[in-house]
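Contents: one structure, followed by commentary.
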Amino acid sequence: MKFSISREALLRPLTLVAGVVERRQTLPVLSNVLIQVEQDQVSLTGTDLEVELIGRTVASQVDEAGSATVPARKLMDICKSLPDQAEIQLALEDNRAVLRSGRSRFTLSTLPVAEFPNIEDGQSSVELSLPRGTLKRLIEATSFAMAQQDVRYYLNGMLLEFGTNLVRAVATDGHRLAVASRSAEIQVEPSQKLIVPRKGIMELVRLLDDGEDPVSLTLGSTHIRAHTGDFTFTSKLVDGKFPDYERVVPKGGDKVLIAERTELRQVLSRTAILSNEKYRGVRLNLEEGNLRVMANNPEQEEAEENVGVEYTGPAMEIGFNVGYLVDVLSVLDEDRVQLTLADPNSSALLEEPGGGDALYVVMPMRL
């Protein structure tokens, strides 16, 4: 293997692919990136056995086709530290990868290509294509609600649902729920529900932009694969049953208030400074035309803010984890937010006024 390539052509795919590679690996080869050179195409593959990402780029000159695995982080750090527009030559010599650029020379260890794992192609059943921006916005609107290290492993990921003319993303950590739906020109019969692990979602969204260019998805029984531009992303699916989220969405709340989203977010963020650091609880006192937000902590410090809201109805007090409310207000992209409440022990429903394509449920706290 021997080829030349510009720093920029190598760095973008390498940075994304290296993101998949874990720093602490059980298998040494998993901290490497697989480089394959054919004709003028250079493909880079990184995997942690759950998620695999292949990035393709074009070499400026190929002297010898071939393949090698080299340490991903070290190669990326070397490329980053080289000057802009530098020309890089990479060659395999005596089972070592030698990188030359200008007057610099780096020799990197390699591991046998045969040891590099390949994510098995499962039975692919459904293929579909939708605009990158659609998928990106669905993930961004819901990913904050994914659990992080829950023993209920199926919550440490996102439910993606594909039906006829509909794509939906759902995430919950048991305390809050985020559901976002978008219409798309797809035909999936019967509808498919897949749980993609947290890391897979985070890597996938890095490949997407807000454009209308398509991302092609292949849905299998054990894997999801996405092709977008020069990248192919594959992730194992979580084998589990996602909670019936429709049962969690509160119905029949009779107290509806509408507030300016940015103002409410700032009020909650300020009040949170004096909330209990562990439980992050704030009290909301709802009165006609006004919402009073209060917090206190074990040091006997208190915060109180009032914010004008559109509300007519009986007064009510309810407690929440302030972080959960701020997260929702940070991803909603409307200027105003509608909050529907029933009683102090029932979950709150947050959405755009009149309902939009995303809804959020937050459980109350006893304070």
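The values are calculated or read from the model by the stated rules, or taken from the named source; none is laboratory data. Please read all numbers here as calculations on a predicted model, not as lab measurements. Cβ atoms come from the backbone with ideal geometry, glycine included; neighbour counts cover every protein chain shown. All accessible areas refer to the heavy atoms of the entire protein, side chains included, with ligands and DNA or RNA removed. Shrake-Rupley method; radii C 1.70, N 1.55, O 1.52, S 1.80 Å.
Here are the numbers for the structure shown:
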read-out	value
Cβ pairs under 9 Å, 6+ apart, first in the range 299-326 and farther than 20 Å from Asp254 by Cα and free of Cβ contacts under 8 Å to residues at least 12 places away in the same chain, second open to solvent by 20 Å² or more (accessible area, probe 1.4 Å) and of a type in the set (A, V, I, L, M, F, W, C)	Glu299/Leu274
Test: Thr340 is open to solvent by 50 Å² or more (accessible area, probe 1.4 Å) and either more than 24 Å from Ile139 (Cα to Cα) or touching a residue at least 60 places away in the same chain (Cβ under 8 Å) (or both)	no
Residue in the range 227-243 that is of a type outside the set (Val, Ile, Thr), touching a strand residue (DSSP E or B) at 6+ places or on another chain (Cβ under 6 Å), more than 30 Å from Val362 (Cβ to Cβ) and without any contact (Cβ under 8 Å) to a residue 24 or more places away in the chain present	yes
From the options Glu334, Glu351, residue that is among the acidic types (Asp, Glu), closer than 19 Å to Leu138 by Cβ, buried (at least 18 other Cβ atoms within 10 Å of the Cβ) and within 22 Å of the chain's Cα centre (by Cα)	Glu351
Residue match in the range 296-306 (condition: farther than 17 Å from Leu350 by Cβ and open to solvent by less than 30 Å² (accessible area, probe 1.4 Å))	yes
Test: residue in the range 301-323 that is under 24 Å from the mean Cα position of the chain (by Cα) and in a helix (DSSP H, G or I)	yes
Residue check, Leu49 surrounded by 14 or more Cβ atoms within 10 Å (Cβ to Cβ) and of a type in the set (A, V, I, L, M)	no
Qualifying positions in the range 131-162 - closer than 17 Å to Gly220 by Cα and either touching a Leu at 6+ places or on another chain (Cβ under 8 Å) or open to solvent by 10 Å² or more (accessible area, probe 1.4 Å) (or both)	Leu159, Leu160, Glu161, Phe162
Single condition Ser124 does not satisfy, out of (1) at pLDDT below 95; (2) hydroxyl-bearing (Ser, Thr, Tyr); (3) over 19 Å from Thr234 (Cβ atoms)	(3)
Of residues in the range 16-35 being in contact with a Lys or Arg (Cβ under 8 Å, 6 or more places away or on another chain) and over 18 Å from Arg56 (Cβ atoms), the one surrounded by the fewest Cβ atoms within 10 Å (Cβ to Cβ)	Arg23
Meets criteria (open to solvent by 50 Å² or more (accessible area, probe 1.4 Å), over 22 Å from Leu332 (Cα atoms) and free of Cβ contacts under 8 Å to residues at least 60 places away in the same chain) for Ser125	no
Count of residues meeting criterion [open to solvent by 30 Å² or more (accessible area, probe 1.4 Å) and at pLDDT 95 or above] in the range 358-367	4
Meets criteria (at pLDDT 95 or above, part of a strand (DSSP E or B), of a type outside the set (Lys, Arg) and surrounded by fewer than 18 Cβ atoms within 10 Å (Cβ to Cβ)) for Asn285	yes
Condition met for Pro190 (surrounded by fewer than 17 Cβ atoms within 10 Å (Cβ to Cβ) and without any contact (Cβ under 8 Å) to a residue 24 or more places away in the chain)	yes
Selected residue (criterion: nearest to Val322 (Cα to Cα)) from residues of the range 275-291 that are more than 30 Å from the chain's Cα centre (by Cα) and hydrophobic (A, V, I, L, M, F, W, C)	Leu284
Among (1) in a strand (DSSP E or B); (2) open to solvent by less than 10 Å² (accessible area, probe 1.4 Å), the one test that Leu108 misses	(2)
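Residue by residue, here is whether (1) touching a Phe, Trp or Tyr at 6+ places or on another chain (Cβ under 9 Å); (2) within 23 Å of Ala114 (Cα to Cα); (3) open to solvent by 10 Å² or more (accessible area, probe 1.4 Å); (4) touching a residue at least 60 places away in the same chain (Cβ under 8 Å) holds:
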| residue | (1), (2), (3), (4) |
| --- | --- |
| Arg56 | yes, yes, yes, yes |
| Ala65 | yes, yes, yes, yes |
| Thr69 | yes, yes, no, no |
| Ala72 | no, yes, no, no |
| Met76 | no, yes, yes, yes |
| Lys80 | no, no, yes, yes |
| Gln89 | yes, no, yes, yes |
